[in-house]
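Asks: I have a structure here, written as structure tokens, and I will follow up with some questions on it.
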Amino acid sequence: MTADRPVALRTFVDAHKFRGPLPGARLIVLGAVHGNEPCGSIAIERILQELACGELEIIAGQLTLVPVANRLAYERGTRNGDRDLNRNFAPISTPSDNEDFIANELCLLLAEHTVLIDIHSFSWQSSPMVLLGPDSSARDPHPFAFACDEESLAAHLGVSRALYGWLATNMQRAQRRGSSIQYCKGTTDYMRAVGGYGVTLECGQHADPLAPELAYQAIRNALAHLRLIASEAPEPRQEIEFLRVYEVLDRNSTKDRFAREWNSFDRLYLGDAVAYRSDGTVVLSPADGVIVFPNENAEPGTEWFYLAERDPRVRKRRVCSNGK
Ligand SMILES: [Zn+2]
């Protein structure tokens, strides 16, 4: 009879956990879900150093830091290892690729927490912003009980713009195309599905030297806002622009072209010519609002641009019923 030998299981995700003596929120912060977006990793390493030297102390709840969620992609300097980790994000019963194994570990971790901040950046120049889940109102087909908490957290992260309605919009696109609705779902959607709430923090362009600082300040502000550290909670931004994303259009052909050069958040009015299809058909703006993430180089069959509307009812931060 041979003695059982411990089997060294490979883990894909390094998580650093800190628990405070008092009850409180359980916050998890992810960096480098996409491997070529280093700002979150840099910010998290700085927070880890401050925790190690005692400059920062968790007094309540739990903080879990994952500096590099997607190690393979991070080491390659690419967005993905085998596939996009932030799509089809759910436990995989028969994992086969790099992101399947990571997702299985991250899903278990997320389920231990109540709040997620997932830190990203863009390939294009952009001001920082936060992406929220569904609205809490009946206008959203998937109203979300913690929408107000997400808005409150967003108002403390140091960004001046928040966008919501992604999932409903992307699900409509998936239904039109007959493709998988699950594919639309990312880390924050999973966090909401397991009873918590979460935001995606977009810190600007990948190489923007200000992005790691923004990410660092956002984590510090979130720790104070959630009362995990003893610091005074920061004042929320009073003027944060909330935009509801309501439509996404695909580019159908390389001959589809924009009516002019668009930048994200350029103003649109009802009936404005946004683009022309290859057969000359004009794509008109169906309402007043803004264009979001226009991509003139989109491959046919992929997302070309999004449309969003300013929602005056939620333009200013709402006060949550729990006072947060
Ligand atoms: Zn990303």
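Asks: Taking amide H positions as placed in the peptide plane 1.01 Å from N, state which residues far from Ala259 in sequence (5 or more) or on other chains have amide H under 5 Å from it.
Replies: Ala275, Tyr276
Asks: Which whole-angstrom value gives the distance between the alpha carbon centres of segment 73-97 and segment 198-214?
Replies: 21 Å
Asks: How much net charge surrounds Ile119 when only other residues with a Cβ under 10 Å from its Cβ are counted (Lys, Arg +1; Asp, Glu -1)?
Replies: -3
Asks: Okay, moving on. With everything on Cα atoms, drop me the angle between helix 98-111 and the longest principal axis of the chain, reported from 0 to 90° to the nearest 10.
Replies: For 98-111 against the chain, the angle is about 70 degrees.
Asks: Okay, next question. Can you tell which of Ala207, Val283, Val130 lies farthest toward the positive end of the dipole of the chain, using +1 and -1 charges on the Cβ of basic and acidic side chains (Lys, Arg; Asp, Glu)?
Replies: Of the listed residues, the answer is Val283.
Asks: Let me ask something else. Measure nothing but the geometry: give the 0 to 90° angle between the long axis through the Cα atoms of 39-52 and the longest principal axis through the Cα atoms of the chain, rounded to 10°.
Replies: Roughly 20 degrees between the two axes.
Asks: Grab the eigenvalues of the alpha-carbon gyration tensor for segment 60-182, scale each by 5, take roots, and send me the semi-axes largest first in whole angstrom.
Replies: With the √(5λ) rule applied to segment 60-182, the semi-axes are 24, 20, 17 Å.
Asks: Next question. Of the options Trp304, Pro67, Leu249, report the single residue whose Cα projects farthest towards the positive end of the charge dipole of the chain (beta-carbon charges: Lys, Arg +1; Asp, Glu -1).
Replies: Checking the options against the dipole of the chain, the answer is Leu249.
Asks: Additional query: Can you tell me, using C-alpha contacts under 8 Å and at least 6 residues apart, the relative contact order of the chain as a whole percent? Please report the intermediate quantities before stating the final value.
Replies: On the way: 729 pairs, mean separation 56.6, N = 324.
Result for the chain is 17 percent.
Asks: Shifting gears a bit: Can you give the three extents of the C-alpha atoms in the chain along their principal axes, from longest to shortest, in whole Å?
Replies: Answer, in whole Å and largest first: 73, 54, 38 Å.
Asks: Ser179 to Thr94: extension gain in nm, 0.36 nm per residue of separation minus the Cα-Cα distance?
Replies: Numbers: separation 85, 0.36 × 85 = 30.60 nm, distance 2.10 nm.
Stretched fully, the Ser179-Thr94 segment lengthens by 28.5 nm.
Asks: Taking θ as phi - 60°, what are the ³J(HN,Hα) couplings along segment 298-308 by the Karplus curve (6.51, -1.76, 1.60), each to the nearest whole Hz, with x for Gly and Pro?
Replies: Computed from phi, the couplings for segment 298-308 are 4, 5, x, x, 10, 4, 9, 7, 10, 10, 9 Hz.
Asks: Does segment 1-117 come out rounded, prolate or oblate by the C-alpha gyration tensor, with a ≥ b ≥ c the root eigenvalues, rounded set by a/c under 1.5 and, if not, prolate when a/b is larger than b/c and oblate if not?
Replies: Numbers: a/c = 1.71, a/b = 1.24, b/c = 1.38.
Verdict is oblate for segment 1-117.
Asks: Report, in debye and to the nearest 20, how large the dipole of segment 132-277 comes out about its Cα centre when Lys and Arg carry +1 and Asp and Glu carry -1 on their Cβ. Working shown, then result.
Replies: Values: 17 positive and 19 negative charges, 143 e Å.
Rounded to the nearest 20 debye, it is 680 debye.
Asks: Follow-up. What do you get for GluC sites (Glu not before Pro) in segment 213-290 restricted to DSSP loop and a cutoff of at most 13 other Cβ within 10 Å of the site's Cβ? Each step should come with its number before you reach the end.
Replies: Numbers: sites: Glu213, Glu232, Glu239, Glu241, Glu247, Glu261; in loops: Glu232, Glu239, Glu261.
When the GluC sites (Glu not before Pro) of segment 213-290 are filtered for loop state and at most 13 Cβ neighbours within 10 Å, Glu232, Glu239, Glu261 remain.
Asks: Taking the Cα centre of segment 16-239 as origin and charging only Cβ (+1 Lys, Arg; -1 Asp, Glu), how large is the dipole, in debye to the nearest 20?
Replies: Numbers: 19 positive and 26 negative charges, 107 e Å.
Dipole size: approximately 520 debye.
Any read-out appearing in this document is the output of simple, stated calculations on the displayed coordinates, not a laboratory observation. As the structure is a computational prediction, the values presented were derived from the model and not from experiment. Neighbour counts run over all protein chains shown; Cβ positions are idealised from the backbone, glycine included.
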